[in-house]
């Protein structure tokens, strides 16, 4: 029997753009929606309509000064938030807040047992956004805001974030580096952008041991990503016993992706999803919210999301 899996996306995500030559562009979500609409699983997903903004929760993980900076730069129609890859336009602040809002709506529905799991087909991505800086195409950290929201609004004490984007989620790691209530795990190509994510980075103070990185070499394929999840993440989850799992679901480790040198297949992402679902079933009644991060070859991204959703539905 299929699980109750919510699917959240919005046409306004296409308003955040710098031109279609940038790899993080509206084609990403639009192509996913077209592909899924022609697939056999779209009718099995619970379409969740929403208009919610997550703006009031941004300061749970970001500084007020940074939030104000992004707001004002978008208002003044600035072009880049950082040195040249994280673009903004006059719609970007609202769109990024809408992406956060989608995650919070999904979190509510899963926490309230109205859905078993949910996938947020959102943009811009978020896992590179730190407390006071955006980078790597990311304005606000969607997964991190969701984790704090669940802790405050739903009194969920232990949350695990598993991140299999090919780039290390430096922002998520930094936000929770001293926090034992959020376990952050990342498997990623290393060395690679943004340069963080070594095995030596394990958290600090009360959070020591609650950050875990599995850096993989260039050319790593399905078996190496799957082994890292099975051999490194799963044992940690057996001990941590999360009450909710958030997936930072990047699909740019695919062999066709232009921004990485790894060799995963779409089917490999299905296996990663199966493992995460199994861990969630074991520790937290299957509760998962998955949030789109990277993935920049349109065909590979859409196929991988399809496989990911198959795993969430099972």
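Side notes on the structure shown:
- The one condition in (1) closer than 25 Å to residue 78 by Cβ; (2) without any contact (Cβ under 8 Å) to a residue 40 or more places away in the chain that residue 40 fails to fulfil: (1)
- Subset of the stretch 108-163 (residues that are under 20 Å from residue 50 (Cα atoms) and assigned to a strand (DSSP E or B)): 117, 118, 119, 120
- Among the residues of the stretch 57-66, those that are part of a helix (DSSP H, G or I) and either modelled with pLDDT under 95 or within 20 Å of the chain's Cα centre (by Cα) (or both) comprise 57, 58, 59, 60.
- Within the stretch 1-36, the residues that satisfy the criterion of being more than 20 Å from the chain's Cα centre (by Cα), farther than 15 Å from residue 119 by Cα and loosely packed, with under 15 Cβ neighbours inside 10 Å are 1, 19, 20, 21, 34.
- Test for residue 279: is it touching a residue at least 12 places away in the same chain (Cβ under 8 Å), assigned to a loop (DSSP other than H, G, I, E, B) and either under 25 Å from residue 144 (Cβ atoms) or touching a helix residue (DSSP H, G or I) at 6+ places or on another chain (Cβ under 7 Å) (or both): no
- Of all residues in the stretch 217-237, those being in contact with a strand residue (DSSP E or B) (Cβ under 7 Å, 6 or more places away or on another chain), touching a residue at least 40 places away in the same chain (Cβ under 8 Å) and either assigned to a helix (DSSP H, G or I) or buried (at least 20 other Cβ atoms within 10 Å of the Cβ) (or both) number 9.
- Test: residue in the stretch 258-266 that is at pLDDT 95 or above, closer than 30 Å to residue 111 by Cβ and not in a loop (DSSP other than H, G, I, E, B): yes
- Residues located in the stretch 138-158, provided they are surrounded by 24 or more Cβ atoms within 10 Å (Cβ to Cβ) and under 13 Å from residue 179 (Cβ atoms): 144, 147
- Of all residues in the stretch 282-297, those satisfying the criterion of being touching a helix residue (DSSP H, G or I) at 6+ places or on another chain (Cβ under 6 Å) and either surrounded by fewer than 21 Cβ atoms within 10 Å (Cβ to Cβ) or more than 22 Å from residue 224 (Cα to Cα) (or both) are 286, 287, 288, 289, 291.
Condition check ((1) closer than 20 Å to residue 121 by Cα; (2) in contact with a helix residue (DSSP H, G or I) (Cβ under 9 Å, 6 or more places away or on another chain); (3) outside any strand (DSSP E or B); (4) without any contact (Cβ under 8 Å) to a residue 24 or more places away in the chain) across all residues:
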site	(1), (2), (3), (4)
3	yes, yes, yes, no
12	yes, yes, yes, no
21	no, no, yes, yes
52	yes, yes, yes, no
73	no, yes, yes, yes
77	no, no, yes, yes
85	no, no, yes, no
99	yes, yes, yes, no
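The values are calculated or read from the model by the stated rules, or taken from the named source; none is laboratory data. Just so it is clear, the structure is predicted and the values come from calculations on it, not from any experiment. All Cβ positions, even for glycine, are placed from backbone atoms using ideal geometry, and neighbour counts span all protein chains on display.
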